[in-house]
Amino acid sequence: MRIITGSARGVRLKTLEGENTRPTAERVKEAVFSMIQFDIEGRTVLDLFSGSGQMGLEALSRGAREAFLVDQSKDAVRIIEENAKKTGFSSLCRIFQTDFRDFLRRNYGQKFDLIFLDPPYASGFYTPALEGLLASDMLKPTSLLICESDTEEIFENKDALQKKFAVKKISKYSKTVITVLTPIM
């Protein structure tokens, strides 16, 4: 796993051993950043289920202003810190070891331009994460949410929630589905 392009191009990133973290495949990451390439420069990024930090760090490499990297695992946070240092982006990162719900509550009103949501596929975390982002007033009308899942149904049959987001794009890469959302405000 490496940074694909930008100021840290080619830097190899560490990832956690085992099956607790599922890093985004390089082909999928490349496709995601091709989709949003004109929406990165100078933006504030939230990587809510950060794992190794690769999505937030890739955004920084491509010109994002700052990245908030959140993971509840102590081991994941250690890897994120190492990767931030390796890429030279430590000063642009705000790293949090906490549950995503706690992060959303404690950072009420912090606005984000780009939000990466990649929770464990079977966790059922999409609904509380999307609801929490709305309740915590973290979205701008122009915010982009990039959701990685194994299904095209990330709203988990919650019609009221689905009505609060516009689906800009859905792309499938083998078993991985990328859904790009923007809030309806």
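The values are calculated or read from the model by the stated rules, or taken from the named source; none is laboratory data. Quick caveat: nothing in here was measured; it's all calculated off a predicted structure. Neighbour counts run over all protein chains shown; Cβ positions are idealised from the backbone, glycine included. Remember, those area values only see protein heavy atoms, side chains included, never the ligands or the DNA or RNA. Shrake-Rupley method; radii C 1.70, N 1.55, O 1.52, S 1.80 Å.
Determine ³J(HN,Hα), in whole Hz, for all residues of region 135-152 in sequence, where each value follows from phi through the Karplus function 6.51 cos²θ - 1.76 cosθ + 1.60 and θ = phi - 60°; x replaces Gly and Pro.
5, 8, 6, 9, 9, 9, x, 9, 4, 10, 10, 9, 10, 10, 8, 10, 8, 7
Which of the peptides 36-44, 80-88, 96-104 is most tightly packed, and how do the rest follow, going by the mean number of other Cβ atoms within 10 Å of each residue?
On the way: 36-44: 14.8, 80-88: 19.6, 96-104: 17.7.
Most protected by this proxy first, the peptides run 80-88, 96-104, 36-44.
Volume per residue, Å³, of the convex hull around the alpha-carbon atoms of region 1-123?
Working: hull volume 12.2 nm³, N = 123.
Each residue corresponds to 99 Å³ of Cα convex hull volume.
Could you grab the relative contact order for the chain? Cα pairs under 8 Å, six or more apart, rounded to a whole percent. Before the final figure, lay out the partial values.
Details: 372 pairs, mean separation 32.2, N = 185.
Relative contact order here is 17 percent.
Per residue of region 84-95, in order, report the coupling 6.51 cos²θ - 1.76 cosθ + 1.60 (Karplus, θ = phi - 60°) as ³J(HN,Hα) in whole Hz, putting x for Gly and Pro.
5, 5, 4, 7, x, 9, 3, 6, 9, 9, 10, 10
Once the Cβ-Cβ distance between SER91 and LYS111 is put in as r, and R0 is 25 Å, what FRET efficiency do you end up with, to the nearest 0.05? Show your work: numbers first, answer last.
On the way: r = 20 Å, r/R0 = 0.82.
About 0.75, to the nearest 0.05.
Would you please give the residues with an amide H less than 5 Å from that of ILE95, counting only those at least 5 places away or on a separate chain, with H modeled from the backbone geometry?
The answer is LEU69.
In whole Å, what are the Cα extents of region 18-74 along the three principal axes, biggest one first?
34, 23, 13
Restricting to the chain, compute how many DSSP beta bridges are antiparallel as a %, nearest 5. Each step should come with its number before you reach the end.
Working: 14 of 31 bridges.
Approximately 45 percent, going by the DSSP bridge assignments.
For the peptides 73-79, 106-112, 126-132, what is the packing order when you average, over each peptide's residues, the other Cβ atoms within 10 Å and list the highest mean first? Can you show the working numbers first?
Numbers: 73-79: 16.6, 106-112: 14.0, 126-132: 18.9.
Going from most to least packed, we get 126-132, 73-79, 106-112.
For the chain, what is the accessible area per residue in Å² when the probe is 1.4 Å?
On a per-residue basis, the chain sits at 49 Å².
Would you please state which residues of region 106-140 a label at LYS168 would reach in this model, taking the label point 7 Å out along Cα→Cβ and a backbone N cut-off of under 15 Å?
In region 106-140, the label zone of LYS168 (backbone N under 15 Å from the point 7 Å along Cα→Cβ) covers 112-117, 139-140.
Given a 1.4 angstrom probe, I'd like the percentage of the accessible area of region 112-177 that is carbon and sulfur, rounded to a whole number. Working shown, then result.
Working: 1530 of 3110 Å².
Heavy-atom surface of region 112-177 belonging to carbon and sulfur, 1.4 Å probe: 49 percent.
Can you check what the net charge comes to around SER34, using other residues whose Cβ is under 12 Å from the Cβ of SER34 (Lys, Arg +1; Asp, Glu -1)? Let's see the in-between values first.
On the way: positive: ARG27, LYS29, ARG62, LYS169; negative: GLU30, ASP39, GLU58.
Surrounding charge for SER34 is +1.
Would you kindly give the portion of the calculated P(r) for region 72-185 that falls above 17 Å, as a percent of all Cα pairs? Could you put the intermediate results ahead of the total?
Numbers: 3841 of 6441 pairs.
Cα-Cα pairs of region 72-185 separated by over 17 Å account for 60 percent.
Could you check the spin-label model distance between LEU134 and ALA160? Points 7 Å from the Cα along Cα→Cβ, value in nm.
0.8 nm
Sequence gap of 8 or more, or different chains, plus Cα separation below 23 Å: how many lysine pairs satisfy both in the chain?
28
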